[in-house]
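Peer 1: Quick one: the structure is below, and I'll ask about it shortly.
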Amino acid sequence: KNQVEQSPQSLIILEGKNCTLQCNYTVSPFSNLRWYKQDTGRGPVSLTIMTFSENTKSNGRYTATLDADTKQSSLHITASQLSDSASYICVVTPKAGAGSYQLTFGKGTKLSVIP
Amino acid sequence: DSGVTQTPKHLITATGQRVTLRCSPRSGDLSVYWYQQSLDQGLQFLIQYYNGEERAKGNILERFSAQQFPDLHSELNLSSLELGDSALYFCASSAGTSGGGWDEQYFGPGTRLTVT
């Protein structure tokens, strides 16, 4: 069964600090890996999308990395802001033909940034 | 604002009842996806429609059904509701023009369903 595991489940950091969120997946082969940000009570918003051949992708203060060999991805947030408080979800799309291209979602890491 | 609208925002109903959730995709998007997000669970893909036709099916219960209308809006019907159906239901839309799961999905604000 395709799975996406994220750690930690929750994280509290001080405003201005950096943090790194982890994602391990078993989906193989995969088409792409995305990171979404989901504010409480709202729909997810895409932050980055990477193919299996990409190692890193940045979007402002968000940088995602991917190691396809170890099936691990991380999302690094630099100089955190209060507005970064949200759940961050790792999503893997299986390659078409490997069942379907339905997205497989992790349960997310809940990040709280405090003053 | 993603451009995807969902109604109602909140819904409270009793066990055994039937409800309909509505989704209007972004202008020009042909694909609509439905997801369920229960407390402490990740988003679960339910079903996808593309230009009126069912394209992919996920973990959708037989008590649930969906359709996409000619104007491309979609409805998710939930029947014989159980307490465990309480969740956030999200609709997403995409242009539906690329294959292999590359379409960017834009999520609506969700409908919070509470079954009592």
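The values are calculated or read from the model by the stated rules, or taken from the named source; none is laboratory data. Quick caveat: nothing in here was measured; it's all calculated off a predicted structure. No Cβ is skipped: glycine too gets one built from the backbone with ideal geometry, and neighbour counts run over all protein chains shown. For accessibility, only protein heavy atoms count, side chains too; no ligands or nucleic acids. Shrake-Rupley method; radii C 1.70, N 1.55, O 1.52, S 1.80 Å.
Peer 1: I'm trying to understand the selection: among the residues of the stretch B:66-80, which are open to solvent by 10 Å² or more (accessible area, probe 1.4 Å), of a type in the set (A, V, I, L, M, F, W, C) and under 12 Å from the mean Cα position of the chain (by Cα)?
Peer 2: Matches in the stretch B:66-80: B:Ala66 only.
Peer 1: Is it the case that B:Leu83 is touching a residue at least 60 places away in the same chain (Cβ under 8 Å), more than 17 Å from B:Pro25 (Cα to Cα), surrounded by 20 or more Cβ atoms within 10 Å (Cβ to Cβ) and not basic (Lys, Arg)?
Peer 2: no
Peer 1: Report yes if A:Ile77 is more than 30 Å from B:Glu54 (Cβ to Cβ) and at pLDDT 95 or above, otherwise no.
Peer 2: Judged against the criteria, A:Ile77 is a match.
Peer 1: Still on this structure, I have one more. Mind checking which residues of the stretch A:9-31 are in a loop (DSSP other than H, G, I, E, B) and either at positive phi or of a type in the set (A, V, I, L, M) (or both)?
Peer 2: Pass one, the stretch A:9-31, residues in a loop (DSSP other than H, G, I, E, B): A:9, A:15-18, A:26-29.
Result: A:Gly16, A:Val27.
Peer 1: Being closer than 22 Å to B:Asp40 by Cα, at the interface with chain B (Cβ under 9 Å from one of its Cβ atoms) and buried (at least 19 other Cβ atoms within 10 Å of the Cβ) narrows it down to one residue among A:Val45, A:Val113, A:Val91, A:Val27; which is it?
Peer 2: So the residue among A:Val45, A:Val113, A:Val91, A:Val27 that is closer than 22 Å to B:Asp40 by Cα, at the interface with chain B (Cβ under 9 Å from one of its Cβ atoms) and buried (at least 19 other Cβ atoms within 10 Å of the Cβ) is A:Val91.
Peer 1: Now a separate question. Hey, among the residues in the stretch A:48-59 that are of a type in the set (Ser, Thr, Tyr) and either over 10 Å from the mean Cα position of the chain (by Cα) or within 24 Å of B:Leu39 (Cβ to Cβ) (or both), which one's least open to solvent (accessible area, probe 1.4 Å)?
Peer 2: A:Thr51
Peer 1: With a cut-off of at least 2 residues that are without any contact (Cβ under 8 Å) to a residue 24 or more places away in the chain, name the strands (runs of 3 or more DSSP E) lying wholly within the stretch A:32-115. Let's see the steps before the verdict.
Peer 2: Values: elements: A:45-50, A:56-59, A:62-67, A:72-77, A:86-94, A:109-114.
The strands (runs of 3 or more DSSP E) meeting that bar are A:45-50, A:56-59, A:62-67.
Peer 1: May I ask you to say which residue of A:Asp84, A:Asp39 is within 13 Å of another protein chain (Cβ to nearest Cβ) and open to solvent by less than 60 Å² (accessible area, probe 1.4 Å)?
Peer 2: Among A:Asp84, A:Asp39, only A:Asp39 is within 13 Å of another protein chain (Cβ to nearest Cβ) and open to solvent by less than 60 Å² (accessible area, probe 1.4 Å).
Peer 1: Further question: Would you mind stating whether A:Gly106 is within 14 Å of chain B (Cβ to nearest Cβ), under 21 Å from B:Gln36 (Cα atoms) and exposed (fewer than 15 other Cβ atoms within 10 Å of the Cβ)?
Peer 2: no
Peer 1: Considering only residues that are within 13 Å of the chain's Cα centre (by Cα) and of a type outside the set (Val, Ile, Thr), which ones fall in the stretch A:25-47?
Peer 2: Residues satisfying the conditions are A:Tyr25, A:Asn32, A:Leu33, A:Arg34, A:Trp35, A:Tyr36, A:Lys37, A:Gln38, A:Pro44, A:Ser46, A:Leu47.
Peer 1: Can you tell which of A:Ala79, A:Ala64 is farther than 23 Å from B:Gly3 by Cα, more than 9 Å from chain B (Cβ to nearest Cβ), aliphatic (A, V, I, L, M) and open to solvent by 40 Å² or more (accessible area, probe 1.4 Å)?
Peer 2: A:Ala79
Peer 1: In this structure, does B:Arg63 turn out to be touching a Phe, Trp or Tyr at 6+ places or on another chain (Cβ under 7 Å) and either open to solvent by 30 Å² or more (accessible area, probe 1.4 Å) or of a type in the set (Phe, Trp, Tyr) (or both)?
Peer 2: Against the criterion (touching a Phe, Trp or Tyr at 6+ places or on another chain (Cβ under 7 Å) and either open to solvent by 30 Å² or more (accessible area, probe 1.4 Å) or of a type in the set (Phe, Trp, Tyr) (or both)), B:Arg63 does not qualify.
Peer 1: Report, by residue number, each residue of the stretch B:26-79 that is part of a loop (DSSP other than H, G, I, E, B), closer than 19 Å to B:Pro109 by Cβ, touching a strand residue (DSSP E or B) at 6+ places or on another chain (Cβ under 6 Å) and not aliphatic (A, V, I, L, M).
Peer 2: B:Arg26, B:Asp29, B:Ser38, B:Gly42, B:His73 - these are the residues of the stretch B:26-79 that are part of a loop (DSSP other than H, G, I, E, B), closer than 19 Å to B:Pro109 by Cβ, touching a strand residue (DSSP E or B) at 6+ places or on another chain (Cβ under 6 Å) and not aliphatic (A, V, I, L, M).
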